[in-house]
1. In nm, what is the difference between 0.36 nm times the number of residues separating SER93 and ALA45 and their Cα-Cα distance?
2. Magnitude of the Cβ-charge dipole of the chain, K/R +1 and D/E -1, about the Cα centre, nearest 20 debye?
3. Quick query: amide H of PHE141 versus all other amide H atoms, modeled in the peptide plane; which residues come in under 5 Å with a sequence gap of 5 or more or a different chain?
4. Between the stretch 209-239 and the stretch 105-125, what's the alpha-carbon centroid distance in Å?
5. Once you place label points 7 Å from the Cα toward the Cβ at GLU103 and ARG78, how far apart are they in nm?
6. In percent, how large is the relative contact order of the chain, given Cα pairs closer than 8 Å and 6 or more residues apart?
7. How large is the helix-only mean residue ellipticity at 222 nm for the chain, computed as the sum of -39500 (n - 2.57) over DSSP H runs with n ≥ 4, divided by its residue count, in deg cm²/dmol to the nearest 500?
8. In square angstrom, what is the accessible area per residue of the stretch 1-92 with a 1.4 angstrom probe?
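The values are calculated or read from the model by the stated rules, or taken from the named source; none is laboratory data. Just so it is clear, the structure is predicted and the values come from calculations on it, not from any experiment. Note that we place each Cβ from the backbone using ideal geometry, even for glycine, and neighbour counts take in every protein chain shown. Please note that ligands, DNA and RNA were not included when accessible areas were found on the heavy atoms of the full protein model with its side chains. Shrake-Rupley method; radii C 1.70, N 1.55, O 1.52, S 1.80 Å.
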Amino acid sequence: MTRLYQYPDQQKLSSWEQTVLESFKQKMTDRQRPFPCIPATIGFATNQLRYGFVGDPAVDSTIRDVAALLTAYTKQSRAYGRYTSLIIFFQISENAELSPSVENFEKIFWNHLERLNKYDEKEWPSDIPTDPHHPAWEYCFHGERYFMFCATPAHKNRMSRQFDSFMLAITPRWVLEQFNSSPKHAEKIKQQIRKRIDNYDQLTIHSALNSYGESDNFEWRQYFLRDDNSSLSKCPFHR
């Protein structure tokens, strides 16, 4: 049965699940090469993150499992703390006809979000545009607004988007709003994050990284960053 885990629950996990969770821990706690997203490292250190383990993202049963995880998380997330996110690890089938390229993972990601939307039990929030090319748009599920972050094994240069398995980090908008509620503190942390990205990645900071609500910002462009400085011209997601 698909369920939410918190760290450490290794004794309840399979060998593959233990391996990816340990790899994630190493990324979050590396002091020699600190992971850029400071709130994520705080969320891990304070045990506010929750984890889900699912199969191949191209399989319908996996989409249903992710929908169940995200629904359960949405109902409970406010009890986890102000630095919470849902981390979902996918296990790509070994015999899948998939070229392990960033571009193919990008297609999988957007296809997954579109198919996931069909399992949403609630209506899209009335105050959020359905057009992803509107500055106020963001992905919604079960009535909650979410920032979607994707990492893949194919990323080699943009290491802040690299992980051993295909992975989603899903953060509620209310977490981000609380973070930004103290503008001076938030700006200071953001500057530290950008410095960490400069040290962490072998590329310049992607031009898509911007602030929600700005007139020149589109959230969808930040969900999946390629391993170079290019990006899609149009959002593949359609409700």
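1. On the way: separation 48, 0.36 × 48 = 17.28 nm, distance 3.11 nm.
Gain on stretching SER93 to ALA45: 14.2 nm.
2. On the way: 30 positive and 29 negative charges, 170 e Å.
Computed charge dipole of the chain: roughly 820 debye.
3. Distant-sequence amide H within range of PHE141: TYR146.
4. 16 Å
5. Between GLU103 and ARG78, the simple spin-label model gives 4.5 nm.
6. Numbers: 365 pairs, mean separation 49.7, N = 239.
Relative contact order comes out at 21 percent.
7. Values: 7 runs with 85 residues, N = 239.
Calculated at 222 nm, the ellipticity per residue is -11000 deg cm²/dmol.
8. Values: 4400 Å² over 92 residues.
Heavy-atom SASA per residue in the stretch 1-92 reads 48 Å².
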